[in-house]
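The values are calculated or read from the model by the stated rules, or taken from the named source; none is laboratory data. No experiment lies behind these values; they were computed from the predicted model shown. Cβ: placed from backbone, ideal geometry, glycine included. Neighbour counts: every protein chain shown.
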Amino acid sequence: MKLAKVSGMLGLAVLAAIASSYAVADDTGWYGGANIGQSRAAIDDVRITSGLLGSGFSTPSISDDKRDTGYKIFGGYQFNRNFAVEGGYFDLGRFGFTATTVPAGTLFGNIKLRGLNLDLVGTVPITEKFSAFGRVGLDYAQARDNFTGNGAVSVLNSSPSKRDTNLKFGLGLQYAFTPTLDMRLEAERYRINDAVGNKGDIDLVSLGLVYRFGDKSSAPAPRAAEPEPLAAAPAPAPVVVTPPPPPPPPAPTKVTFSSDSLFQFGKATILPAGKRDLDEFAAKLKDADFELITVTGHTDRIGSHAYNMKLSTRRAETVKNYLVESAGISADKITARGVDGSDPVTRPGDCKGVKVTKKLIACLQPDRRVEVEVTATQAAK
């Protein structure tokens, strides 16, 4: 497949993705990977023939070796869902030609290409797991040539080489198997100085894997099992004394915080105003004897189930960690969990529409919340 055809198909995929609505995840961090595939060079037979004619030779035939196996090893940093910087090492393989001449002789030439690259990568999500991306950057390539001749052909400079910096670009598709492992299919074009006064293009179509470092999921802590009540010991016979039942424990207290007051839309970092609200809440717990605090994160219905589960869990975990670290609450007395948008406050007919607009986001604001439920054995004094 030619690079132009691959680029055209990927370009249509990118345009389709831009026209669709999608939720932007808060994904950042380091990653690394490797690709392998087929590389192809554009060998300038007309220039070879012209060079031989200038030396007094005609060229009845030229055979080209335009294809080889290429690979690259890379690493990068993802600033957000849409932008990353990526650098690495590439080896585009070896290419060559064989030219027969009159007077009788043969000229053999080949070139080997390898180097380093630094790219800016832009990504557009298409579905929850499928995305398209494009890249533009610089390649610093070393071209090492080798020329030999026999018969009437002799070579004056048999091993020219050149290091040069040029542009490169590419397009690709990416599929996420898991939050940490992706597969890439991409087509790239490298601009290369061939060490004999010519600049040409090398195309690489490759398939590879990407591994993203760091924990991409946060599981809620298990809730401790409630102890079984102890049976009251019977009074000595013959007098049967029935002790009065113990007073019921205070009903759980639930406090609801608006997610918009704690976090920016789509984020899980607590705002200064949210910290003040949590500090006031924590101060009221100082005189209370409680068994358990349950933090539950809720989102609205915008976005996919997987994205909302991840965001609601991260927000609940963030509130839990703040109460532990800033308010001194014991970590074994507080749990956190996310429940997506499965328990909305708004009714089904309150907020109409499917397209994501500012009006719909504002209407669904009550659904975006963090609930803190306190199960106490003794109320605050």
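Put simply, of Ala99, Ala132 the only residue that is within 20 Å of Leu204 (Cβ to Cβ), part of a strand (DSSP E or B) and touching a helix residue (DSSP H, G or I) at 6+ places or on another chain (Cβ under 8 Å) is Ala132.
Looking at segment 290-305, can you tell me whether even one residue there is within 25 Å of Gly266 (Cα to Cα), free of Cβ contacts under 8 Å to residues at least 60 places away in the same chain and not acidic (Asp, Glu)? Checked segment 290-305: at least one residue is within 25 Å of Gly266 (Cα to Cα), free of Cβ contacts under 8 Å to residues at least 60 places away in the same chain and not acidic (Asp, Glu).
Within segment 38-56, restricting attention to residues that are assigned to a helix (DSSP H, G or I) and aliphatic (A, V, I, L, M), which residue is farthest from Ile192 (Cα to Cα)?
Leu53
Within the set Ala104, Ala143, the sole residue that is farther than 26 Å from Leu209 by Cα, assigned by TED's automatic domain parsing to the domain that holds Leu53 and loosely packed, with under 14 Cβ neighbours inside 10 Å turns out to be Ala104. In segment 186-200, the residues that are outside the structural domain of Leu167 (by TED's automatic domain parsing) and over 16 Å from Phe90 (Cβ atoms) form no Cβ pair under 9 Å with any partner that is of a type outside the set (Phe, Trp, Tyr) and buried (at least 17 other Cβ atoms within 10 Å of the Cβ), whether six or more places apart or across chains.
Can you pull out the strands (runs of 3 or more DSSP E) entirely within segment 156-273 that have at least 3 residues that are modelled with pLDDT of 95 or more and of a type outside the set (Ser, Thr, Tyr)?
161-176, 181-193, 199-212
Of the residues making up segment 334-376, those that are in a strand (DSSP E or B) and of a type in the set (A, V, I, L, M, F, W, C) number 6. The single condition from (1) of a type in the set (Gly, Ala, Ser); (2) touching a helix residue (DSSP H, G or I) at 6+ places or on another chain (Cβ under 6 Å); (3) within 25 Å of Thr180 (Cα to Cα) that Ala327 fails is (3). When Gly109 is tested against the conditions (1) free of Cβ contacts under 8 Å to residues at least 60 places away in the same chain; (2) under 16 Å from Ala42 (Cα atoms), the lone failure is (1).
Of everything listed in (1) out of contact with any strand residue (DSSP E or B) (no Cβ under 9 Å at 6 or more places or on another chain); (2) assigned to a loop (DSSP other than H, G, I, E, B); (3) modelled with pLDDT under 85, the single unmet condition for Ser326 is (2).
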